[in-house]
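Participant: Could you have a look at this structure, given as structure tokens, before my questions?
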Amino acid sequence: MNIGVIGTGYVGLVAGSCFAESGNDVVCVDSNAEKVEQLKKGIIPIYEPGLPELVERNLREERLSFTTDLDAAVKKAFIIFIAVGTPTASDGSADLTTIHEVAAAIGRAMDRYKVIVVKSTVPAGTSSRLREIIKNETKHPFDLLSNPEFLKQGAAVDDFMKPDRIVVGWTPLSSQCVM
Ligand SMILES: NC(=O)c1ccc[n+]([C@@H]2O[C@H](COP(=O)([O-])OP(=O)(O)OC[C@H]3O[C@@H](n4cnc5c(N)ncnc54)[C@H](O)[C@@H]3O)[C@@H](O)[C@H]2O)c1
């Protein structure tokens, strides 16, 4: 399956590498061009047991690639995971600026039906807002799912590959469903 992962931080890099290890074709997108150049060479900005080997093997076997080109990655992927940061704002709420921007960019790039999955940690109600943002940018159908990440730093690859639970949420409001 063709998978896109937007945001190649802790969560996105582990998820993308593990999806590739499971046999999927994965394009990981990040807006940080310097980070993308390093990742293309297999240089990983975080310490996580098992991750360098996963990245190296899947880069070599061409199931994993890194890019700054969100548009091309969205067009290629059937499923797009959003894994950008949602930092705490000064008033204690989650700053959703980046995830809103990414949702709009995905909407603009869509050229056919897509499954869009939110992995970032977001407050209740975010999916409704993201659905509206995407709808405003595209006429193509899509489903929006929530799949929050629970990995622990230091055991992230193991947690991702052998999770004790997987939580997936979906509201049947969208115009097409293939799940
Ligand atoms: N780190 C954890 O242990 C952990 C665990 C569970 C959940 N989460 C949640 O997962 C989400 C991601 O966390 P993280 O630690 O991976 O964040 P991170 O800050 O390490 O990574 C986010 C990445 O997104 C990139 N980015 C920012 N704007 C972008 C854009 N417009 N397009 C493409 N890429 C962009 C950044 O350059 C960065 O590489 C957050 O919501 C976080 O709360 C994190």
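Participant: What is the sum of charges, Lys and Arg at +1 and Asp and Glu at -1, for the other residues whose Cβ falls under 13 Å from the Cβ of G9?
Facilitator: That sum, taken over residues with Cβ under 13 Å, equals -1.
Participant: I've got another one for you. Counting only heavy atoms of protein chains, what accessible area per residue, in Å², does the chain have with a probe of 1.4 Å?
Facilitator: Counting only protein heavy atoms, the per-residue value for the chain is 51 Å².
Participant: Moving on. Cα convex hull of the stretch 1-87: how many Å³ per residue?
Facilitator: Normalising the Cα hull of the stretch 1-87 by residue number yields 83 Å³.
Participant: Could you look at the chain and say what percent of its accessible area is carbon and sulfur, using a 1.4 Å probe and all protein chains?
Facilitator: 51 percent
Participant: Under 13 Å Cα-Cα from K119, which aspartates and glutamates qualify once same-chain neighbours fewer than 8 residues away are excluded?
Facilitator: Excluding near neighbours in sequence, the set is E149.
Participant: Another question about this same structure. Could you give the Stokes-Einstein D for the chain in µm² per second, using the C-alpha Kirkwood radius, 37 °C, 0.692 mPa s?
Facilitator: Estimated via Stokes-Einstein, D reaches 200 µm²/s.
Participant: Then there's this: Among residues other than R129 whose Cβ falls under 14 Å from its Cβ, what is the net charge (Lys/Arg +1, Asp/Glu -1)?
Facilitator: With Lys, Arg at +1 and Asp, Glu at -1, the net is -2.
Participant: Okay, next question. Does anyone have the angle between helix 51-60 and the longest principal axis of the chain? Alpha-carbon axes, 0 to 90°, nearest 10?
Facilitator: 80 degrees
Participant: List the lysines whose alpha-carbon lies under 22 Å from that of K114, not counting same-chain residues fewer than 8 positions away?
Facilitator: Filter leaves K75, K76, K135, K139.
Participant: Once the Cα gyration tensor of the stretch 110-177 is diagonalised, what are the square roots of 5 times its eigenvalues, in whole Å and ordered largest first, as equivalent ellipsoid semi-axes?
Facilitator: Ellipsoid half-lengths, sorted descending, are 27, 12, 11 Å.
The values are calculated or read from the model by the stated rules, or taken from the named source; none is laboratory data. From a predicted model like this one, the values you see are computed outputs, not experimental measurements. Backbone-built Cβ (ideal geometry, glycine too); neighbour counts: all protein chains shown. Side chains are part of the model used for accessible areas, which takes the heavy atoms of the whole protein and leaves out ligands, DNA and RNA. Shrake-Rupley method; radii C 1.70, N 1.55, O 1.52, S 1.80 Å.
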